[in-house]
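Working notes, structure below.
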Amino acid sequence: MKKIKFIIALLCISILAVQCTKEDNNLTSDNAPMGINSPSMLEINNAECYTVDGFGPNSYWADYIVNQSTTNFLKTEHNEAASFFGMGNVPLYLAGGDGTFNALSYSNGYVVWGEELLASALNYGNVAIAYVAAHEMAHQVQFRDNTIPSGNHVSATELEADGFGGYFIRRTYTSDWNTAAGAYNFSQTLAGPNGSSHGTAAQRRSAFRLGYLLGDNGTYSNRNFDTNFFYYYDYYVKDGRLKLELVKPATIEQSQHEHIVAHLEELQKIASGEISEEEFLNLN
């Protein structure tokens, strides 16, 4: 009997410990966006979603997700992306628990990351987290400037965010393509079919690669990046048109224009799927 009581006591202590841990990491609605009580109550019609789902009924607002060190890294990259793109302060909110495989950037100026998405990205390394942070911040760029994106096809918003992400990784994180391309291994698993809002995996790879190449030798204002990205992507990558002589946009230096032109055939082959995922990782 004493043994049974002892086991029951241990179980009670364990349950209380789990509850305390969750409660310690569970924020009140005062610390949530717009006083929303639960992530599951967020509407997604005024947000750009990294996947297509909202947050589940068992999700909750958290002080950290996955673990404290991973959350700290996410916050660092989020803030660096905000600074890099000139966005100032962009609040970041964290959704813990089940049903949180998403990250959302909201038109009223904040970003929400889910624990399951962060844990999945972490499997691909910190560079994947940095990339997604930049992708979500790119949506803030688009929300705040109604001239961006200047492309008008169904995948323009998401493909440009992929391009901004590649550009950010090249300028702030690594100049090693193999490391940078590894970040994209995670994102391409979330691509859609041809003609979807997120674009195909091959299209997203090509957009990421173009953004990375634009960052090789240059930095741009957000509007100039947008102009350059869609000039090359829409006319010479997406549609597969090559010309012997391409007119240099006024928003890019001659040397950088020549650098992109030298990679246009490669970019087309990435977008069409002719260059495989493995070959993509091993590009120079």
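Bear in mind these aren't lab numbers, they're just calculated from the coordinates by the rules spelled out. Model, not experiment: these values are computed from the prediction. Because the Cβ atoms are built from the backbone with ideal geometry, glycine has one as well, and the counts that use them run over all protein chains shown.
Once the chain from E277 to N146 is taken as fully extended at 0.36 nm per residue, the excess over their C-alpha distance is 43.8 nm. Take every Cα pair under 8 Å whose residues are at least 6 apart in sequence, average their separation, divide by the length of the range 145-284, and the relative contact order is 29 percent.
FRET efficiency for the N178 to N67 pair, using the beta carbon distance and R₀ = 22 Å, is estimated at 0.25. Here N126 and N224 are evaluated by their C-beta separation; at R0 = 35 Å the FRET efficiency comes out at 0.75.
When you count the other C-beta atoms within 10 angstrom of each residue and take the mean per peptide, 161-169, 124-132 line up highest first as 161-169, 124-132.
Take the Cα of N217, step 7 Å toward its Cβ, do the same at V261, and the gap between the two points is 1.2 nm.
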